[in-house]
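Peer 1: Right, I'll just put the structure down here and ask away after.
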Amino acid sequence: MNKVQNNRAWWLVLPMFVLVAFSAIIPLMTVVNYSVQDIFDQNTAYFVGIEWYQEVLRDTRLHDSLLRQFTFSFSVLLIEIPLGIAVALTMPKKGWQSSLCLILLALPLLIPWNVVGTIWQIFGRADIGLFGWALNAIGVDYNYTANTVDAWLTVLLMDVWHWTPLVALLCYSGLRAIPDAYYQAAQIDRASSWAIFRHIQLPRLKSVLVLAVLLRFMDSFMIYTEPFVLTGGGPGNATTFLSQTLTQMAIGQFDLGPAAAFSLVYFLIVLLVSWLFFTTISHMEKDKSDG
Amino acid sequence: MMNWMAWTIPTASFFVGIGLILIVMTIAELKRPTIERKGLLPIATTRGDRLFIGLLSSAFIHLAVIGSSDTDIWWAFGISVIWVLSLLRWG
């Protein structure tokens, strides 16, 4: 039977295309234009070619920020993904307990980012914050405003508290989608809980995990508000991540040209890493289904 | 009207080039639909995948040349063109 070709459905994509054009493509084109010019104001700009790229690619301040950013993003992924899976596995499967768990888990996700920063800023203080006070009371010399390690731990803990629920909720939905027949077959085979997790749950969670890893990588790689409110990038530059360096450059110093060049480098890194994650995981899945 | 976008001739040419590549790829797809195949790259790719990989890696070739040396940017461009064409053919 010949399949009827009808491409009229493409028109349905048009509104989305217009939206993406205005929210992403046109701003991106503008950033490309700014990155090759010295911008003074709306009517005064001088073409400088690749000068800003040379400047930002050789700037050690940016290299340090990039290193901190990768360290932060990979630490966040290493903690949040296994923890999110563990939380989802231990959640009740039905009844009012499961609804309660879902609501409690979703709460941190509903809090605006700047408020999360403020909550943790107060929470971590040794004089009035419960966390900081408790640590100091048991003899731990904790001060996130003066100690680099403490600042990093607090920023990491804050992100884990804020975003692990997202991973857990995604995994929970993935786990609920596994048909009972799989568990019944495993029971007949007397499979251990580890074997069930390794051979049934984890493979079936792969697609939601791809989504979780991608979302968490992109989000953590572009993090700005929370560490800015919590530590202001300090002590020194210890928690100054890429987006904060970029904002200082673009808004603080009004260096629009270098900031635009750097934004494009930043964009390309996010694009490359996201593509690598996506391709690796989707090909692993494909190889498994082929084999 | 487009003054706020601060257009320049080189950047406009760049986007026109990308637009032309996409138009040519669309026509090629309509005339001869792509078949996923495995070439030099470790994964099976379609024509569009190879173009995406080629363009993304070209961007990094340019950044590597600009960041590590004072070589003329046209060298990076030349290397990138050869790289993208090779990738489309044998990738």
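Peer 1: Does A:L89 satisfy being surrounded by 14 or more Cβ atoms within 10 Å (Cβ to Cβ), within 14 Å of chain B (Cβ to nearest Cβ) and under 30 Å from A:W161 (Cβ atoms)?
Peer 2: Spelling it out, it is not the case that A:L89 is surrounded by 14 or more Cβ atoms within 10 Å (Cβ to Cβ), within 14 Å of chain B (Cβ to nearest Cβ) and under 30 Å from A:W161 (Cβ atoms).
Peer 1: Still on this structure, please answer the following. Check whether at least one residue in the range A:223-238 is surrounded by 18 or more Cβ atoms within 10 Å (Cβ to Cβ), away from every other protein chain (no Cβ under 13 Å) and within 24 Å of A:Y172 (Cα to Cα), and report yes or no.
Peer 2: No.
Peer 1: Looking at A:Y53, A:Y34, which one is surrounded by 12 or more Cβ atoms within 10 Å (Cβ to Cβ), within 14 Å of chain B (Cβ to nearest Cβ), out of contact with any strand residue (DSSP E or B) (no Cβ under 9 Å at 6 or more places or on another chain) and of a type in the set (S, T, Y)?
Peer 2: A:Y53
Peer 1: Which residues, counting only those in the range B:35-91, are of a type in the set (G, A, S) and more than 25 Å from B:I23 (Cα to Cα)?
Peer 2: Across the range B:35-91, the qualifying residues are B:A64, B:G67, B:S68, B:S69.
Peer 1: Within the range B:19-42, count every residue that is part of a loop (DSSP other than H, G, I, E, B), within 13 Å of chain A (Cβ to nearest Cβ) and more than 26 Å from A:L264 (Cβ to Cβ).
Peer 2: Qualifying residue count for the region: 4.
Peer 1: Answer with yes or no whether B:T45 is within 12 Å of chain A (Cβ to nearest Cβ) and more than 29 Å from A:T60 (Cβ to Cβ).
Peer 2: yes
Peer 1: Which condition from (1) within 30 Å of A:I200 (Cα to Cα); (2) within 14 Å of chain B (Cβ to nearest Cβ); (3) crowded, with 16+ Cβ neighbours inside 10 Å; (4) of a type outside the set (F, W, Y) is the one that A:L256 breaks?
Peer 2: (1)
Peer 1: Looking only at the range A:217-224, decide whether some residue is in a loop (DSSP other than H, G, I, E, B), at positive phi and among the aromatic types (F, W, Y).
Peer 2: No.
Peer 1: If we keep just the residues of the range B:56-91 that are facing chain A (nearest Cβ under 10 Å), under 11 Å from the mean Cα position of the chain (by Cα) and aliphatic (A, V, I, L, M), which is surrounded by the fewest Cβ atoms within 10 Å (Cβ to Cβ)?
Peer 2: Looking at residues that are facing chain A (nearest Cβ under 10 Å), under 11 Å from the mean Cα position of the chain (by Cα) and aliphatic (A, V, I, L, M), I get B:L56.
Peer 1: Got at least one residue in the range A:255-270 being assigned to a helix (DSSP H, G or I) and at pLDDT below 85?
Peer 2: Checked the range A:255-270: no residue is assigned to a helix (DSSP H, G or I) and at pLDDT below 85.
Peer 1: Need at least 1 residues that are under 22 Å from A:G84 (Cα atoms) per element, so show me which helices (runs of 4 or more DSSP H) inside the range A:119-202 make the cut, counting only ones lying wholly within it.
Peer 2: A:148-176, A:180-188, A:193-196
Peer 1: Only one of B:T45, B:T34 is within 17 Å of the chain's Cα centre (by Cα), among the β-branched types (V, I, T) and surrounded by 14 or more Cβ atoms within 10 Å (Cβ to Cβ); which?
Peer 2: Exactly one of B:T45, B:T34 is within 17 Å of the chain's Cα centre (by Cα), among the β-branched types (V, I, T) and surrounded by 14 or more Cβ atoms within 10 Å (Cβ to Cβ), namely B:T45.
Peer 1: Let me ask another. Please identify the pairs in which a residue from the range B:40-52 that is at pLDDT 90 or above has its Cβ atom under 6 Å from the Cβ atom of a residue that is outside any loop (DSSP other than H, G, I, E, B), counting only partners at least 6 apart or on another chain.
Peer 2: Sorted first by the residue in the range B:40-52, then by its partner, the pairs are B:R50/B:L87; B:R50/B:L88.
Peer 1: Still on this structure, please answer the following. Please tell me if A:A24 is closer than 29 Å to B:I73 by Cβ, more than 13 Å from chain B (Cβ to nearest Cβ) and of a type in the set (G, A, S).
Peer 2: The answer is yes for A:A24.
Peer 1: Name the residue that is nearest to A:Q37 (Cα to Cα), counting only residues in the range B:1-18 that are away from chain A (no Cβ under 11 Å) and either touching a Leu at 6+ places or on another chain (Cβ under 7 Å) or in a helix (DSSP H, G or I) (or both).
Peer 2: Going through the qualifying residues, I end up with B:S13.
Peer 1: Does A:R68 count as more than 10 Å from chain B (Cβ to nearest Cβ), of a type in the set (D, E, K, R) and surrounded by 10 or more Cβ atoms within 10 Å (Cβ to Cβ)?
Peer 2: Answer is yes for this residue.
The values are calculated or read from the model by the stated rules, or taken from the named source; none is laboratory data. Values in this document were obtained by computation on a predicted structure and should not be read as measured data. Cβ sites come from the backbone with ideal geometry, for glycine too, and all protein chains shown count toward neighbours.
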